[in-house]
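Readers should treat all values here as calculations from the given coordinates under stated rules, not as data from a laboratory. Quick caveat, the model's predicted, so the values are computed rather than measured. With ideal geometry, Cβ positions are generated from the backbone for all residues, glycine too; neighbour counts draw on all protein chains shown.
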Amino acid sequence: MADVFELFMIVCFGVSWPLNIYKAWKARTTKGSSIQFYFLILVGYLFGIASKVVKLRHGVSTPGYVWFFYILNSLIVSIGIGIWFRNLRLDRMHAIRSAPGGIDAQTR
């Protein structure tokens with residue numbers, strides 16, 4: 001029964017992450033997001049996977065679907081990290097263009 005509750009928790013996170021990534025992609029900015037948060041979540045998933053490996057080495061099996069969602073969520077959070085760095089680059093480009101003497105200032 002504990003594995004079922006864990007599965008529901010992982011699925012809820014798994015549904016939330018694609019929505020978060022879509023929002024970040026559309027926003028095209030790092031404002032309102034935190035790279036520390038993304039890395040903390042990723043590390044949490046990696047510790048979760050590590051706990052499954054330790055249990056497996058001690059003869060406690062974990063259903064395959066739990067492994068699947070831990071790995072899937074880790075990959076999705078990693079994509080979110082990549083989007084965060086893309087948005088950081090876009091923020092910096094916008095700052096350069098908006099600065100006095102920047103590209104946008106020269107075309108006015």
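For the chain, pairs of C-alpha atoms spaced more than 18 angstrom apart make up 58 percent of the total. Partner lysines whose Cα lies under 21 Å from the Cα of Lys23, excluding those fewer than 8 positions away in the same chain, are identified as Lys31. Inter-label distance, Met1 to Ala50: 3.1 nm, where each label sits 7 Å from its Cα along the C-beta direction. Within the range 20-37, which residues have the backbone N less than 16 Å from the label spot 7 Å out from Ser98 along Cα→beta-carbon, could you tell me? Only 27-33 fall inside the zone, counting backbone N under 16 Å. Based on Cα atoms of the range 36-97, Rg over Rh with Rh as the Kirkwood radius reads 1.23.
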